[in-house]
Amino acid sequence: MNLPRSCRHSKVTPRGHKMRRIIAEDLDWSLATVSSLSNLCLQCIVNNFEEKPIYEELTSSEKDFIQNRVSLSLPLHFAANVFPDGVYWKRRCEQKWKVCDVSNYGESWKRMFFERQLENIIELFVPGITEPKTVLDMVTLCKDHIKKLNIAQLLPPVKEPQTEDEEQATELTLENEDDKSGMDHFDFRILLDKLTNLEELHLVYKVKSCGMNFEWSMFEMTNRDCESLAKALKSCKTLKLFRLHLSHLEDKKCRLLVKYLLDHPSLRTLDFSHNVIGDSGARAIGKLLTKSKLEILNLYDNNIGGPGAKAIAHALSKNTTLVSLNLCLNRLNDEGGQAICKALLNNKTLLHLQLGANGVTWLTALSLSSVLAQNNTLKSINLSCNTLGEVGGNALEEAMSHNTSVTECNIHLTDIEERKVSVINQMVWNNQFRKQETSPREKNTENAN
Amino acid sequence: MEEADKVHEEAPEPPVLSDNQEDKKGASSFKGKEDPTEEGNEELKTKMQEEKKDVNKRIMSLQKRLTTLVTNIQTAADAKEMERRSGMEDNCRIRDERLKNDAKACQEKVEEIRKGWSIVNQKVVHSELQSVLDSQQQLCAAVIEDKKKLIRDLQQERRVKEDQYLKNLRRLDEEIKLMLDRMQQQFQNLSKAYSEELTQLQGVYQQEIEVLLAKDKAKLDKHMKEHWDTELESLMERRRMVEESEKTVHDVMLENTTKIKLMQLEENAKSQARLREQQQMKGKSVVLNLKQLEHGNKNAAYNAKLEEMKGKILGTSKEVKNLKTKYAKQKDKFMKQRQYLSEVHKRSRQHYERMQKEVRYTTAADARKFEEMWVMMEEEVTQLAEKALAIDSLICKHLGLAWERPSAAFMESPGPRRSQEHDTNPNSHLLQTRHPSHCSQRMMDASVGPSLERDSEHSTGVEEGELSSETLMKVMELLCDETGFLVEDKLRKLLVPMEKNEQTIVKLHSLFAVLGLKEKDLPKLLHEFLLMYERQQGERTEGAEAMENSATADSTSRLIKPNYVLPTLRRFLEQHRKRSSSHQQSSLSHPARDTSVEEAYWDRLGNIITEEKLKLWDAAERELKQYEEVLMDISVLVPETELLRQQNTELRMQLQQILSTVLNSLWLSAEGREKKSRTRKSRPSTTTSSITQCSL
């Protein structure tokens, strides 16, 4: 009776040994799921990455492994220098923000991470409280990666609740208030000259969701702001696009900005939409047009009247770089409209012209139709919300029948007859279709060659 | 405004639907017209292009629709803004005018007041002054009233504006919501349209791809088939070519070899002829020399001829030399080959012998091991049997039965194996040591082999058979004479001067060498065959007994007839060869075992305890178990009895104590009573003594 029992015993034990020979206390341990030694080594590197970063000497697949597993809480100054653009930055981005559209950032996760990070820091920068060092530290890390800054708010400094005595004191020093740095926003001079790859800058001087603390001063820039910004823009030699909108930009500040932008070497796009620029500001911009190589100018929703438009038209007649001009929602009237249309007779580069909602009448339409009859460069026209009337409609229809280049024409709400609108639209449509037809063929022939 | 937007929005939708429907129709018609022929393909291509154009158009219209919607919204917003601006300007203007009017009115009134003040300065009479002052006051009040009214109006206006602003904000909010909804709808529409487009396009392209694929596949198959056919043909051709060429090569080789041989023969003949010629030439030259002497003037001409001849001779001699070297080379080559082959042969033979040795050794070792194992097993079994018997004896003794040792002889005798081991002593004791009773149990030691045994027996028999040297010599002579044709002539010549005996010995040696026998086989040969053959012949003719008589009677008469010598010799040789081969085989084969004997032995050992005994044992066990149970009961009861006994003694002690106290008291009372009645003295004493006795 003893023999079989001992036999059974001896049979059971070796099998048990085989199942887990090395790790007795780990019940989940199984020979099949043990990863390979190389993986274990890489895991070890990952675990001790902060103390001993081994990255450059690895193969690409091993690099991927490490990027996929390294802790996201690594200090930024450390990670920025070690990891190139890749999975690691993707993970960091997705950890930080819900929506990540990398196509807006040139398909570079690292760029996206740093740009959004810097934007966050600047948007939450409170002058006088936040140390400028926080921004500068960040800038030293990311200056090579930032190409575009889209800053959606700039906070004013915190106002101390004033006691009565101080109120009296402030009344006394009321005249000097402009010179005080009390209401100034973030100073871009410390930032822009360090970002050596910056190409686009979008700025709004406003406070998001201010609620019942609303004050008009929150939505405009101070004179000192304007000056510092202008100097900063001048120092940034790589900037291609500058956009300052919804910031209550007046003539004076506009002139100041333009003064510093006159000799800018790389600026191609200027956008001052939704401001309050008047005729003198427009005159300054006209001067800028003659001096710089601007390609796109957007002055949508400003306060430019006839004289300002004349100045711009004068510059336009000499300019050879401007491609797009947007003067919608200004106060050009026929004076300005006709001036610009006349300038177009001498201009062969402008492709897009927008004169919507400017209070122009059939007079401008007549001069524009004379332009359209002989100019074959203009591609899109916007004359909406103007009272062109029957005469203007007829002139335009006549002009469009000779034109082949215009592919977009917006003449809604211009008191033109519905029939004529449809006729003009049909002509524009034909132009567009012709172009669509020719362009693929060209592509095909190119491919064939 | 919104209505206009809606109109714009709704207007472009129907065409899209109709477009889609048309497309569907187009797709279905396209499906119907699908043709695998080339014309069909061309049609298909044009159709495809049209389809693409349509698709482009549709996509463009879609995009345009979208952008127009956006621009519409924007223009609407712009227009609204314009309106707002103009409204604001109007309001400002109205307000300005109103303020101006007010200011003017105020100015007039202030002027009036100022005039009034000048009047006040002129007036001296108190009552007049009072009235003027009153009017002045009224004027001021009126001015103030006006101002207040203005302020109230403005405030009212502001309030209205505020309300308007609020309403405006709300409206904007609603509009934004509406816009969002519309955008959502737009998104859905667009994505739907795009997905429809996509499915259609996919279908169309799928079909196109399938058609193209089928076409290409057919083409490919065709091409492949052609290709394979050509390949196969070429292959067959090539094979035929190869066969032909092989045949021709073979023929050519044969021809060449025959040609070469012929050429060699010719060459030989030529060389010989040349040699002859040379000699003849020599002779001729001698004659010529003589002639030269005679005819000196003819010398020159003959000399030239001679030179020529010499050249020829030299050429032929060179050829001969070449041939000779060739021959030598060939010879060397063959020698080397032979040496190499002989070495190989030797090596293989050695290898074979080694293998045999190994095999023999391993078989012997295995056999030994087996033997040892067997012996051990037997010993163990006998021990076990002994044990069993001892136990049996014990049981019997216990039961009081008489016990007999069953078949003591069997138990004492060792197992068949062990006994055999004792017997593997010299063969000469074989018959004497074999016990008759154990003979059957023994197994023949196969390793010795039947043939060897026979040989040894025969050899001993021959020795004992008192074969005289005379007969031996006679037989040998006979043998030599009869097989004389096997001895070489040279040897015979050499042997002539020797004595006859020596002659026969030498002859025999040479004969044995020829037949491949050894000297030790000689006596065997002589007796076994040369004598026995005769005997067998006799047996066949006369009978066994007569033969034996004749065999023992005269050895010389047993000599074989000379005529039979050769056949017997052949037979002997055959047998000898067979035996040697069988010897080798037997040395390799495993010894056979006599299993039946062993089986019997093991059975007996197994049945050493008989069935009856087993039954007896079972019964005894049962009894003993019952007995044990009883004993167990007793052992349980023993402590109880012990306890009871102890209690008993304790009780007795108590009783004694009680009795002693009672006695004392009795004693005292008796003494008291003694005085009264001494006569009864003897009785209590007796009673006490009896009581004490009892207590004791």
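The values are calculated or read from the model by the stated rules, or taken from the named source; none is laboratory data. Computed from a predicted structure; not experimentally measured. Here the Cβ positions follow ideal geometry from the backbone for every residue, glycine too, while neighbour counts run over all protein chains shown.
When only residues in the range B:79-102 that are surrounded by 14 or more Cβ atoms within 10 Å (Cβ to Cβ) and of a type outside the set (K, R) count, which is farthest from the other protein chains (Cβ to nearest Cβ)?
Step by step, filter the range B:79-102, then rank; the result is B:D102.
Note on the range A:300-326: residues that are within 14 Å of chain B (Cβ to nearest Cβ) and either closer than 18 Å to A:T377 by Cβ or of a type in the set (A, V, I, L, M, F, W, C) (or both) total 2. If we scan the range A:417-432, do we find a residue that is among the polar types (S, T, N, Q) and not in a helix (DSSP H, G or I)? No, the range A:417-432 contains no residue that is among the polar types (S, T, N, Q) and not in a helix (DSSP H, G or I). Checked against (1) within 14 Å of chain B (Cβ to nearest Cβ); (2) assigned to a helix (DSSP H, G or I), A:G356 passes all but condition (2). Residues in the range B:594-644 that are in a helix (DSSP H, G or I), of a type in the set (A, V, I, L, M) and at pLDDT below 90 were compared, and the one that is farthest from B:E379 (Cα to Cα) is B:L624. Screening A:L413 on (1) within 14 Å of another protein chain (Cβ to nearest Cβ); (2) part of a helix (DSSP H, G or I) shows it passes everything except condition (2). Would it be correct to say that A:E390 is more than 10 Å from chain B (Cβ to nearest Cβ) and surrounded by fewer than 22 Cβ atoms within 10 Å (Cβ to Cβ)? For A:E390, the condition - more than 10 Å from chain B (Cβ to nearest Cβ) and surrounded by fewer than 22 Cβ atoms within 10 Å (Cβ to Cβ) - is met. Exactly one residue among B:A105, B:A76, B:A142 is surrounded by 11 or more Cβ atoms within 10 Å (Cβ to Cβ), within 14 Å of chain A (Cβ to nearest Cβ) and assigned to a helix (DSSP H, G or I), and that residue is B:A76. Could you tell me whether B:Q164 is modelled with pLDDT of 90 or more and under 60 Å from the mean Cα position of the chain (by Cα)? So B:Q164 does not fit the description; no. Only residues that are more than 10 Å from every other protein chain (Cβ to nearest Cβ) and without any contact (Cβ under 8 Å) to a residue 60 or more places away in the chain were counted across the range B:48-62, and they come to 3.
The residues listed here are B:K57, B:K47; of these, the one that is surrounded by 17 or more Cβ atoms within 10 Å (Cβ to Cβ), closer than 30 Å to B:V211 by Cα and in the same structural domain as B:Q207 (by the TED database) is B:K47. Scanning the range A:53-60 for residues that are at pLDDT 65 or above and of a type in the set (D, E, K, R) turns up at least one hit. Within the range A:431-440, the set of residues being of a type outside the set (D, E), over 17 Å from B:T67 (Cβ atoms) and either in contact with a strand residue (DSSP E or B) (Cβ under 7 Å, 6 or more places away or on another chain) or within 12 Å of chain B (Cβ to nearest Cβ) (or both) comprises A:R434, A:S439, A:P440.
In the range A:375-387, of all residues being surrounded by fewer than 21 Cβ atoms within 10 Å (Cβ to Cβ) and out of contact with any His (no Cβ under 8 Å at 6 or more places or on another chain), the one that is nearest to the other protein chains (Cβ to nearest Cβ) corresponds to A:T387.
I'm trying to understand the selection: among the residues of the range B:320-339, which are of a type in the set (V, I, T) and within 17 Å of B:E266 (Cα to Cα)? Hit for the range B:320-339 is B:V320, nothing else. In the range B:281-305, how many are within 28 Å of B:L323 (Cβ to Cβ) and surrounded by 11 or more Cβ atoms within 10 Å (Cβ to Cβ)? Going through the range B:281-305 one residue at a time, the tally reaches 5. No other residue among B:Q156, B:Q207, B:Q186 is without any contact (Cβ under 8 Å) to a residue 40 or more places away in the chain and surrounded by 10 or more Cβ atoms within 10 Å (Cβ to Cβ) apart from B:Q156.
Just so you know, in the range A:235-275 the residues that are among the aliphatic types (A, V, I, L, M) and not in a helix (DSSP H, G or I) include one that is surrounded by the fewest Cβ atoms within 10 Å (Cβ to Cβ), and it is A:L262.
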